[in-house]
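Read the structure below first, then the notes.
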Amino acid sequence: QVQLVESGGGLVQPGGSLRLSCTASGSILSLHTMAWYRQAPGKQRESVATITSGGSTYYADSVKGRFTISRDNAKNTVFLQMNSLKPEDTAAYFCYSPYFGAWGQGTQVTVSS
């Protein structure tokens with residue numbers, strides 16, 4: 001079993017940056033693929049970025065070149081660095097462990113002037 005806790009969301013102006021964190025308890029994140037998803041109001045939850053246990057990364061086309069997923073195995077934490085944020089990035093962002101089928105509670109990101 002694993003519990004995931006996200007943090008780092010907030011209100012930012014267009015063009016700004018935020019870094020989201022997802023810390024796991026009860027398991028070792030480095031052994032498993034981890035992912036970030038987001039869900040905007042009235043829309044389906046969508047995959048944003050994925051990092052495998054080997055460190056390979058994958059991104060949605062909408063965030064390529066702007067977002068970076070990474071992990072700190074010593075801290076059992078996965079990060080999502082978000083740069084050049086756009087209003088359309090506004091959503092609740094969720095950390096997800098495919099291996100455990102576990103979701104975090106989500107953290108809100110709002111991009112607005």
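The values are calculated or read from the model by the stated rules, or taken from the named source; none is laboratory data. In this text the structure is predicted, and so the values were computed from the model without any measurement. Cβ: placed from backbone, ideal geometry, glycine included. Neighbour counts: every protein chain shown. Only protein heavy atoms, including side chains, enter the accessible area calculation; ligands, DNA and RNA are left aside. Shrake-Rupley method; radii C 1.70, N 1.55, O 1.52, S 1.80 Å.
Here is how the numbers come out for the structure above:
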{"item": "Ranked by how many other beta carbons lie within 10 Å on average, peptides 68-74, 30-36, 55-61 from highest", "result": "30-36, 68-74, 55-61"}
{"item": "Distance histogram in 10 Å bins (all Cα pairs of region 1-97, percent per bin)", "result": "16, 52, 28, 4"}
{"item": "Accessible area of the chain divided out per residue, in Å², using a probe of 1.4 angstrom", "result": "51 Å²"}
{"item": "Length released on extending from His32 to Thr110, taking residue separation times 0.36 nm less the Cα-Cα span", "result": "25.2 nm"}
{"item": "Value of relative contact order over the chain, rounded to a whole percent, pairs C-alpha under 8 Å and six or more apart", "result": "37 percent"}
{"item": "Ser84-Gln39 FRET efficiency (beta carbon distance; Förster radius 30 Å; 0.05 resolution)", "result": "0.90"}
{"item": "Fraction of accessible area attributable to carbon and sulfur, the chain (%, probe 1.4 Å)", "result": "48 percent"}
